[in-house]
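Shown next, in structure tokens, is the structure this report addresses.
The values are calculated or read from the model by the stated rules, or taken from the named source; none is laboratory data. Remember, it's a predicted structure, so these values are computed and weren't measured experimentally. Cβ atoms come from the backbone with ideal geometry, glycine included; neighbour counts cover every protein chain shown.
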Amino acid sequence: MAKTIQAVRGMNDILPEQSAAWQYLEAVLRDVIHAHGYREIRLPLVERTGLFKRSIGEVTDIVEKEMYTFEDRNGDSLTLRPEGTAGCVRACMEHGLLYNQVQRLWYAGPMFRHERPQQGRYRQFHQIGVEAYGMEGPDIDAEIILMTAQMWQALGLERVELQINSLGTTASRAAYRGALVEYFRDCSVDLDTDSRRRLESNPLRILDSKNPDMQHVIGNAPRLPDFLDADSQAHFAGLLALLDAAGVACTLNPRLVRGLDYYSNTVFEWVTDRLGAQGTICAGGRYDGLVEYLGGRAIPAVGFALGLERLIALLKATGRPLPDGNPHVYLVLGGEQGIRRGMVFAAQLRARLAGLRLQTNCGDGSFKSQFKRADRSGAGIALVIGDDEARQGLVTVKRLRAGAEQETLPEAAVARRLADLLALETPAGD
């Protein structure tokens, strides 16, 4: 017998009992984003490989080791998107959304990287990204960060810390890069293989190394804030003042960097100590040089991306109950008239009660077997319509787990009774 085909390693199914928590998380985040006036843009999963080579950099781990790249039937090199920003910038350039305009956009969906699967890091993972174009000042940086802070508040998340840094302008980063290269060359015997490889091509990424044997070398490296020019210092000071006025605490982390040349000024991460090694739940910053890197005129830009898998894990770690998606009500039906009337009545109830999840029994079955199905469905309430109830215009309401007596009500009274029991909105028309 042929072996059963299973999912690709690191690409996980989200099962029905899990998807309700995802829907809840996505709805909360979407509401916060929309409250700030951002509009959704939907982007392709596949882009031309050159887009990521140019934007991320050919000597990065993502491009060299992690991208899912293939040739299509026309011989074009295509790649499953490893991140969302490059595709968003490409779309804005292609459709004329950037020049002499301000854009506030967001997107959501799966990203793909061939990494070693572990808790909080998968080969297919899901992100929500937010991007703002055309605004130079620290006020838009603050808006982006305050938006993320409001997300954690809306989700009831605690023990998340904002770490922040400034990378300065291209000129100040170039000076810092030169000092880093000189410093790390002098202690190259203490560098691991990856860091030696990055020394000439991407030395700022050495500061991101998690190798414990290198932490003393990294700790003594030159500090980026010492190389900031006056304009960068003023931008960063303005941002910190806005965050302080809004009551958002942050930790200055001079080792927080982005190793790509198009990043500038603000970079930030939200981190937690509740997820082990994969403690970053959101990361962002300014990338004023990216549009120019991709062939356009320089446009100021800032944004962030957050990982949904890690946020789901963090919500679970808090111990808070998450939505399960089970039906509120299971409709038990018996007899020809009961089935006919019940199908119509179920549709009427769903129309009258916003948010009601009502599952109708299908496939016949005795009342006993139907009540077993009702229990397995997770519903808290069963409604019963048999031939007798159908003839009299009645419905029996039975709470499955409360131990309360069942009650028989006129059809017209059922919607309001369910609204009271389930704390749903008042039925339409009442």
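Yes or no, residue by residue, for (1) within 25 Å of M93 (Cβ to Cβ); (2) modelled with pLDDT under 95; (3) not assigned by TED's automatic domain parsing to the domain that holds Y107:
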{"site": "Y133", "(1), (2), (3)": "yes, no, no"}
{"site": "A149", "(1), (2), (3)": "no, no, no"}
{"site": "A154", "(1), (2), (3)": "no, no, no"}
{"site": "E182", "(1), (2), (3)": "no, yes, yes"}
{"site": "S188", "(1), (2), (3)": "no, yes, yes"}
- For residues that are among the acidic types (D, E) and over 29 Å from W152 (Cα atoms), scanning just the range 31-59, find the one that is surrounded by the most Cβ atoms within 10 Å (Cβ to Cβ). E47
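Rundown of residues vs (1) outside the structural domain of V271 (by TED's automatic domain parsing); (2) surrounded by fewer than 21 Cβ atoms within 10 Å (Cβ to Cβ); (3) among the hydrophobic types (A, V, I, L, M, F, W, C); (4) touching a residue at least 12 places away in the same chain (Cβ under 8 Å), yes/no style:
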site	(1), (2), (3), (4)
K372	yes, yes, no, no
G378	yes, yes, no, yes
I385	yes, no, yes, yes
L394	yes, yes, yes, yes
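Could you go through the range 233-247 and let me know if any residue there is at pLDDT 90 or above, surrounded by fewer than 20 Cβ atoms within 10 Å (Cβ to Cβ), touching a Pro at 6+ places or on another chain (Cβ under 7 Å) and of a type outside the set (G, A, S). Full working, then the answer.
Kept after step one, since they are at pLDDT 90 or above, are these residues of the range 233-247: 233-247.
Still in the running and surrounded by fewer than 20 Cβ atoms within 10 Å (Cβ to Cβ): 233-234, 237-238, 240-242, 244-247.
Then keep just the ones that are touching a Pro at 6+ places or on another chain (Cβ under 7 Å); that gives 238, 242.
When the remaining residues are screened for being of a type outside the set (G, A, S), the result is 242.
There is at least one residue in the range 233-247 that is at pLDDT 90 or above, surrounded by fewer than 20 Cβ atoms within 10 Å (Cβ to Cβ), touching a Pro at 6+ places or on another chain (Cβ under 7 Å) and of a type outside the set (G, A, S).
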- Give the range 409-430 a look and list any residue that's surrounded by 14 or more Cβ atoms within 10 Å (Cβ to Cβ) and in contact with a strand residue (DSSP E or B) (Cβ under 8 Å, 6 or more places away or on another chain), or say none. L409, E411, V414, R417, L418, L421, L422
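Kindly indicate the residue of the range 169-211 that is assigned to a helix (DSSP H, G or I) and of a type in the set (D, E) and also surrounded by the fewest Cβ atoms within 10 Å (Cβ to Cβ) among those meeting that condition.
By that ranking, first place goes to D186.
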- In the range 225-239, is there at least one residue being without any contact (Cβ under 8 Å) to a residue 24 or more places away in the chain and either under 27 Å from R159 (Cα atoms) or assigned to a loop (DSSP other than H, G, I, E, B) (or both)? yes
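Against the condition assigned by TED's automatic domain parsing to the domain that holds N253, surrounded by fewer than 16 Cβ atoms within 10 Å (Cβ to Cβ) and either among the polar types (S, T, N, Q) or within 30 Å of A27 (Cα to Cα) (or both), how does Q124 come out, does it pass?
Spelling it out, it is not the case that Q124 is assigned by TED's automatic domain parsing to the domain that holds N253, surrounded by fewer than 16 Cβ atoms within 10 Å (Cβ to Cβ) and either among the polar types (S, T, N, Q) or within 30 Å of A27 (Cα to Cα) (or both).
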- Task: Tally the residues that are closer than 24 Å to Q119 by Cα and more than 12 Å from the chain's Cα centre (by Cα), restricting the search to the range 7-42.
- Result: 15
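Quick one: which of T396, T426, T318 is within 30 Å of T272 (Cα to Cα) and polar (S, T, N, Q)? First the steps, then the outcome.
On the way: T396 fails: within 30 Å of T272 (Cα to Cα); T426 fails: within 30 Å of T272 (Cα to Cα).
Answer to the check: T318.
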- Name every residue in the range 8-17 that is surrounded by fewer than 15 Cβ atoms within 10 Å (Cβ to Cβ) and of a type outside the set (V, I, T), in order of residue number. R9, M11, D13, L15, P16, E17
